[in-house]
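Okay, so here's the structure we're looking at.
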Amino acid sequence: MEVYIMGICIAVCGNFLISISLNIQKYTHVRQSQRETKPYYTSRLWWCGILLMGLGELGNFAAYGFAPASLIAPLGCVSVIMSVVISVVFLKETLRASDILGGALALTGTYFLVTFAPRSSPHVTANMVERSLVSWTFLIYFMFELILFAILMYLYKCRNVKHIVIMMILVALLASGTVISVKAVSGMITETIRGSHLQLTYPIFYIMFIIMVTSCAFQIKFLNQAMKMFDATEIVPINYVFFTASAVVAGILFYEEFYGLSLIYYIMFAIGCLLAFTGVFLIARARPRIKMDRVFSMGQIPGKSSTDKMQPQSDDSKYGKLGSKLTCNSGIQQDEP
């Protein structure tokens, strides 16, 4: 139980640091654009935001070693909620009724998730990962994902079908592999630190590490391509829903995290996810469209909100999935060029 609570706390703190980081970076850009002084990357405050981003990402990575993946992934809504709170309190952005309702629903959903999620997950060892990789359940799931990914890639590349759902499903399919590999790597490192058994000598550890890095890189690539074609107010909630769903399914099938739980836990956990999804949609709902602008010629970060004097450029891949969750947090309406 203590390990389970530790994982939740680490994930919440990690997402909280990410929300602070994104708002610090946003504030730095606003200040630099108003003063028209040195570029944003010369600001110490901006680099503080980068450091906090790294610490937050590290916290999320570590959390997978202590708590089930099906719980850690949905807790990403904490960063969305906290970013709105910080933007309103410190950046003086407008608080809307939908923000309050969305935040309340997301918090209620988070409570349901924490209460009815699996309290423990099996110890992740090299032997356990190897057995799960060759299990019939996972092999069927993997073949289904592979076929679906190939079909969507054909539509996207060959048929030039640029629909947001296709893009987000591609990201979610890659995210499934990311969640499995991240938890495997984090879990094996955790087991090694505990001293129970040295896991870093097994080849499967390095195989999962390569899968983790590769899947993350392609996630960032597809997500940034989607950011170029669609507005962040559309991408944020859809990406959160698809990513969370893929993470939960991966946790159930690969790590058997819900094994032995009664039906009521499945139902209440699904209700918690639905409430969190609805809350994120309400927070992102009717946000002003984020357009490409000419204010900054250097690459911008797809994790910051836009203002009337500064627009993010979405083709930079530094911040990836977590950063892009919060690109819709500005409440300032912009004029058409």
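The values are calculated or read from the model by the stated rules, or taken from the named source; none is laboratory data. These figures come from a predicted structure and were not determined experimentally. In this analysis, Cβ positions are derived from the backbone assuming ideal geometry, glycine residues included, and neighbour counts consider all displayed protein chains. With ligands, DNA and RNA removed, areas are computed over all heavy atoms of the protein, side chains included. Shrake-Rupley method; radii C 1.70, N 1.55, O 1.52, S 1.80 Å.
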Subset of region 75-122 that is among the hydroxyl-bearing types (Ser, Thr, Tyr) and farther than 23 Å from Ile24 by Cβ - its residue that is modelled with the lowest pLDDT:
Ser121
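Residue-wise test of (1) without any contact (Cβ under 8 Å) to a residue 12 or more places away in the chain; (2) out of contact with any Cys (no Cβ under 9 Å at 6 or more places or on another chain); (3) open to solvent by 30 Å² or more (accessible area, probe 1.4 Å).
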residue	(1), (2), (3)
Leu148	no, yes, yes
Met168	no, yes, no
Ala172	no, yes, no
Thr178	no, no, no
Qualifying residue in region 124-144 (condition: modelled with pLDDT under 95 and within 23 Å of Leu75 (Cα to Cα)):
yes
Which of the residues that make up region 209-265 are in a helix (DSSP H, G or I), over 27 Å from Ser121 (Cα atoms) and not hydrophobic (A, V, I, L, M, F, W, C)?
Lys221, Asn224, Gln225, Lys228, Thr233, Glu234, Pro237
Look at Ile8 and say whether it is open to solvent by 10 Å² or more (accessible area, probe 1.4 Å), modelled with pLDDT of 80 or more, among the β-branched types (Val, Ile, Thr) and more than 22 Å from Ser176 (Cα to Cα).
no
Would you confirm whether any residue within region 194-215 is within 16 Å of the chain's Cα centre (by Cα), under 21 Å from Asn60 (Cα atoms), open to solvent by less than 20 Å² (accessible area, probe 1.4 Å) and in contact (Cβ under 8 Å) with a residue 40 or more places away in the chain?
yes
Hey, Ile264 hits all of (1) out of contact with any Pro (no Cβ under 7 Å at 6 or more places or on another chain); (2) modelled with pLDDT under 50; (3) surrounded by fewer than 17 Cβ atoms within 10 Å (Cβ to Cβ) but one; which does it fall short on?
(2)
Cβ-Cβ under 6 Å, sequence separation 6+ or interchain: first residue in region 267-286 and within 9 Å of Leu105 (Cβ to Cβ), partner open to solvent by 60 Å² or more (accessible area, probe 1.4 Å) and not hydroxyl-bearing (Ser, Thr, Tyr). Which pairs?
Leu282/Leu101
Scanning region 244-261 residue by residue, those modelled with pLDDT of 90 or more and aromatic (Phe, Trp, Tyr) turn out to be Phe254, Tyr255
Filter region 79-136 for residues that are touching a Lys or Arg at 6+ places or on another chain (Cβ under 7 Å) and part of a helix (DSSP H, G or I); which is surrounded by the fewest Cβ atoms within 10 Å (Cβ to Cβ)?
Ser98
